Each structure stands twice: as structure tokens, then as C-alpha cells.
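Reading through the C-alpha cells given below for one structure.
Quick note: the coordinates plus some simple rules give every number you see, no bench work behind them. The structure presented is a predicted model; accordingly, all values stated were derived computationally and were not measured. Glycine also receives a Cβ, built like all others from the backbone with ideal geometry; neighbour counts cover every protein chain displayed.
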Protein chains: 2
Amino acid sequence: MTTISVDAATTGERSALLLLDRVRGVVGPRLREAVDTLPGELRRIAAYHFGWEEADGGPAAGPAGKAIRPALVLAAARALGGDPDPAVGAAAAVELAHNFTLLHDDIVDEDPTRRHRPTAWAVFGLADALLAGDAMSALALRLLAEDPHPAAAPALARLADCVVELCAGQQTDCALERRPPHEVSVAEVTVMATAKTGALLGCACALGALYAGADEEAVAAMDAFGREAGLAFQLIDDLIGIWGDPGRTGKPAGADLMAHKKSLPVVAALASGTAAGEELAALYARPALDAEAVVAAADAVERAGGRDWAQSQAAERMASAVEQLSRAVPDLSAAGDLLALAEFVTRRSR
Amino acid sequence: MTTISVDAATTGERSALLLLDRVRGVVGPRLREAVDTLPGELRRIAAYHFGWEEADGGPAAGPAGKAIRPALVLAAARALGGDPDPAVGAAAAVELAHNFTLLHDDIVDEDPTRRHRPTAWAVFGLADALLAGDAMSALALRLLAEDPHPAAAPALARLADCVVELCAGQQTDCALERRPPHEVSVAEVTVMATAKTGALLGCACALGALYAGADEEAVAAMDAFGREAGLAFQLIDDLIGIWGDPGRTGKPAGADLMAHKKSLPVVAALASGTAAGEELAALYARPALDAEAVVAAADAVERAGGRDWAQSQAAERMASAVEQLSRAVPDLSAAGDLLALAEFVTRRSR
């Protein structure tokens, strides 16, 4: 296992990184313009969350998000023969919606850090962070409401539905965390992860398809592509939540284990019927895990087959994603950017 | 001071109560239909918040909100010669948006009760209540996104803007609470109250005007009418927050004083330059107020002129509201319902 830097990246990875860079260049200004319409303190909190400003309002050099979702919107539009330019507002809306959910998820999960920095609620307090997230959510849909493009109305309905699904996914995630380890099934966690992560990636692809004027079938296939790729993404993210790497993601290794997260590899390990699965259950039964116990838990997940399972599941989901994609874009050579993004997402921790 | 029941109400009040009843009968089913689309636990929390269900999911007999905002949407449409029926979805959207902000405000303010019942976060926990509010916010805008009426798109943009303003108002409210009493001006609190309360009442009236096909000027005048009436409403609500009455509103007398709220009558009293104002400042300097101190604080607000000021301000704001209304509806006899609602709002505690 090695981590990727731009230098060490394969050609496909490098092209995805360049694409994401380009997307940030195009969507970033639109996003900032929208956030700048927020009043006073709410704007400041949003700008901090995006990594544009420090807590004191000074400029920040910190990296913002990867912009995978806006990249999917534009790449999906292009793959279907559409002009991506009119979809830039929709791409910004998707990124805003994503970041609103991150900001609220940090509150809900009581996460102290994100992207190497204290979370917004940790800096500005729960109340102000919650309200800034609310404003970002309304602003995301507002961006589409003011868009005169004929795709904007159905895009808005889809994004609003998606926000509801994201909330349901996060709620289910919290509910599953409260259940005893042995009472959570791989199927339940898969459904939850699809809602929590797949829904917005699917929505991003569907919005791109809508802006390209695609028919309903192609829009649905694009949504399914994003959902399957999203589940692959989640599986990889869950692996990172156990084995690292903090240098790239800002998420410390073992964080999910420390938080007793019933992530996909953990639940697969718990349900494995192996001795290592029992060891893991015993560790998860402790009220708190110290550093040593976290290492033991990670080892138990691996020996119980949770790591291998998650990696092969990720590959399977990607295959299914490509199958869906080929329904929307029969000549896959037109979908190079989408495939590069999907591959980037599933390979980034290897 | 007497409280109103339907029996004791004046003719105008009785007609407003009957109107609100009728509106609940028309908008309620649309609202329930929308909330029923929410997944699992999020639906349950919303249904509890609206007073339709008990915490265990059983039916509740408890009163839901007064439905003043949906009533304003429909009455504004009617006052401008429009058919209120097509605006029922917009009315439901406004009520959903209102209730999402209430649910989140209860979290932000750590309020334990609303409408005689434990708040949603107190019953379901902060995380689930926060997520249910998020879903309700998206659902409110979703209702307008699926509405084929030509007014739905501008209505959606207005409602989204309004949600941002509501969040800013609530954020400013919290920020003012943290400032020392003498550093908060009546002007600041007025701006905050306009954002927090006036904005949504103005938006409700503006949406009704949009659905009646009114021109921009009439829409703006209707918005201003609602904002001014909203500020009157807030002044009255602030009076209730000090002097009661819990029997009608579920808000215990003295609640705002106990919470050190810098409500309009309180700030007016603090800025009065009177000895009673100084007494109030000394009481507010205490970390906590017991029941006796709350009574003393209420008395100080009254002697400092805060109560009279708030009542006369409410009357002035209502006069200004009626002036704005007459710009949108030159023959005020067509605006009977709107006037009855505005009067009801400002008289309900007398």
C-alpha cells in the first residue's frame, strides 16, 4: 500500500487530479460568489469551512475539498454531449449541499477536525455552525432557483430529494452506531452508505445529464453510476478510516474504530463468524479504545477478512458503476473524465 | 390583561380564529402528505414536532401551530384577487420552513419545551432532531420545486432567501445574547427581530401575491406589510416571553428573562437611562435568575417603560403595515382576512 502524491500518481490518476484542479478553477469562483451573498458571520463560518479563510477572517492556504462532486456534474454533462458551462451553477450547488452536510455531520458526530483543521462547530460553537449549515443548504437550492436553464427546475427537485436522503443516511448511521455490534447487518450498512454517500454522487451525475438534455433513462443510468461509484468511494473511505492515511485526508488512522463506527469493513468482520470477528466484538464492547486497542481492532478486522472484503466489494461496485455508465453513454470513450474520476476515487488509498 | 379563548374573543378575533381553523383544514393535509414522504425516523420526528404524534408514534391530540404564515399566503393571494387554491402548496412550504427553523432554534437555544411538550431534540436527541430539521428545510423548497404554477420558481427563490435571512437573524440573536447588556442597542435588536420574525411573515405575504399574479411593486408592498406586522408580532411575543401567558402559548412567563434574552422590551428598558433600567442591568449581570429575581426583572422592565414602549411600538408597526398593505390593495375592504390576521397577531395577549 502506498499513498499517491501528484508526482507518484499513475497517468490516470494524474489526469483526474488535473481535472479536479481545473474544476476547482471553474466552480470555485461561482461558489465563492454565492457564499459571499451570505450575511456577516454566516459567510465567515462558511468561508472557514471551505478552507478559504482562517478563523480570524484572514486568508487561508489550506486545501479546500477535492471537488469530486462538481467534477462529476461537469463530466457527466460532457459525456452526454452537453456543454458543461451552463452546468457550473449546478456544480456549485452540489458542492454547497455537500459541504452543508459535512458541516452538520461534524456537529452530529462531534468530530473535532476536518481537513487538518478544527471543525467549524469547534471554532464557532454549535449554534453558529448549525445556522451556517442551514444557510448553506438554502443557498445551494437558491443557486438552482435563480438559474434560467430548463434543467434547473428538475435539478432542484433532485437535489432537494437528495438532501433528504443524505439526512436519512446520516440518521441511520447514528442509529446503527447505537445498536449492539452483532445486531447490525452488512445489508443495513450498505443501504445506509448508499444513502449517505452514493445519493449525492448519483445526484451530481444526474444533474450533469439533465443539463446535457439527456432523456429520463440516461439520467437514471447516470444516477445509478454515481451511486455505485459512491458506494465504492465509501468502502475506500471506510478503509482509510481504519488504516489511514492522515497525510492525505486529514482523517487520523483508527478514527472510525476509536469512535466505534460500524463501518462496512467492521460490520463485515463482525458478521464473519471468525474468531477474529469475536475479538473485534469484544473490543467494540469496551466503552473506550486506547491506541493499543485501536491497533488490535484494526488487526482483527483484517484477520476476519473485513479489509479484503471491502476492497473486493469496492471493485465490484465499480464494475457495476461502469455497466450503468455504458447504458447512458454507449461509447465509453466519450466518458473518459467520468471514468478517470471514478477510478481516482477507488484507487486513491492504494 | 385577560387571555382570549374563542368564547371570550371579540368579533375580529373570532373571525381570525375561524380563518386559521379553516386554513389548518386546507393546508394541514398537504403538509402531512409532504411530511409523510420523509424516510422513517425523520418523518416521526417531524410528526412529533408538528404535534401530530406522540414520541412513541401514537396519535397526539396536542395543538399544532397556529398556522398564521400559511393563512397569510392564502389571504394575500385572495386580497389581490387571486384564487388561493393553487397557493396551498406554497402555504404548506412556508409552514414547513417555519417549523424547520423552530426545531433548529430549540436546539440552538437549548429550549426544553415548545407548545406544552418537550422539544424534539429533548425527546429524540440533538443529532436526530438536527437532521430532521435539515430534511424539513429541503422538503419545504422541494414542495415548490415540484409545483408547476408559474409563481413557484420566484416563490422558491424568495423562500430560500428568507431561510438565509432567518438563520442570520437567529445567529445575530445568539451573538447579541453574548454581549454585555449595555452594549446592545434597540436599533440592533429591531434589525435582528425583523430578520428573525418579519422576514418569513413578509415572505408568506409576498408568496401569496406572486400566486395572484401581482406585479413586482405589489409583491414588494405585501412583503413590507408582512415584515412590519411581523415586527409587531415579535414585540407582542417578547411581551409574552416576560408576562405570559403559558396557558395559550406554551411559553412559561419569565422564560425570556430567565434565559437573559435581550428581547425588545428588555433592551428598551436597559437603554432607558432610568433607575429601573439600572436595576434590570444588575439583575441581568447575575449568572442565573431564580423565580424571585425573574419577577423583579419583569417589574423593572415595566417601571423602566419597556412594556409601554413595546406596546406602542407594536401599534406603530401595525399602522405602518396597514399603510404598506394599502399600496398593494388600494381598496382595503378586499384585504379583510389579512387585516383580521394582523390584528389577531397584535391583540392576542391583551
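Some points to look at:
- Lone cysteines, chain A (no partner Cβ under 4.7 Å): A:C167, A:C174, A:C205
- Position A:D36, label points 7 Å along Cα→Cβ, spacing to each other copy in nm (shortest first, one decimal): 4.7
- Take every Cα pair under 8 Å whose residues are at least 6 apart in sequence, average their separation, divide by the length of chain A, and the relative contact order is 20 percent.
- Peptide A:165-176 is shielded by partner chain Cβ atoms: per residue, an average of 6 of them sit within 10 Å of its Cβ.
- Summarising the rotation from chain B to chain A, the nearest chain B beta-carbon to the axis and its distance in Å are given as B:L141, 2.
- Gap separating the Cα centres of segment A:90-163 and segment B:96-147, nearest whole Å: 16 Å
- Placing +1 on the Cβ of every Lys and Arg and -1 on the Cβ of every Asp and Glu, with no other charges, gives the protein assembly as shown a dipole of roughly 20 debye about its Cα centre.
- Per-copy distances of the B:A259 label point, shortest first, in nm (7 angstrom along Cα→Cβ): 2.9
- Average beta carbon contacts from partner chains per residue of A:148-159, 10 Å cutoff: 3
- For segment A:304-350, the gyration tensor built on C-alpha atoms gives an oblate shape. Its axis ratio a/c (a ≥ b ≥ c) is at least 1.5, and a/b is not larger than b/c.
- Only Lys, Arg (+1) and Asp, Glu (-1) charged, at Cβ; segment B:11-347 dipole about Cα centre in debye: 360 debye
- Sites A:H116 and A:A175, calculated FRET efficiency, Cβ-Cβ separation with R0 35 Å, nearest 0.05: 0.75
- Each copy carries B:D83; placing its label point 7 Å along the C-beta direction from Cα gives inter-copy distances of 3.9 nm, listed from smallest up.
- FRET efficiency for A:R22 and A:D215, using Cβ-Cβ distance with R0 set to 25 Å, rounded to 0.05: 0.35
- Kyte-Doolittle mean at least 1.6, axial Cα span of 30 Å or more - DSSP H helices of chain A: none
- Theoretical ellipticity at 222 nm over chain B - DSSP helices of four or more residues, -39500 (n - 2.57) apiece, nearest 500: -22500 deg cm²/dmol
- Net charge of neighbours whose Cβ lies under 9 Å from the Cβ of B:M318, counting Lys and Arg as +1 and Asp and Glu as -1: -2
- Each semi-axis of the equivalent ellipsoid for the protein assembly as shown is √(5λ) with λ an eigenvalue of the Cα gyration tensor; in descending order they amount to 47, 30, 23 Å.
- Amide H contacts of B:E53 (H built 1.01 Å from N, in plane; Pro and chain starts excluded): B:Y48, B:A60 sit under 5 Å, all sequence-distant by 5 or more or on other chains.
- Label-point separation in nm, A:S312 to B:A281, each point 7 Å along Cα→Cβ: 7.5 nm
- Between segment A:19-74 and segment B:181-211, the alpha-carbon center distance in angstrom: 29 Å
- The distance between label points at B:R327 and B:H149 comes to 2.4 nm (points 7 Å beyond Cα on the Cα→Cβ vector).
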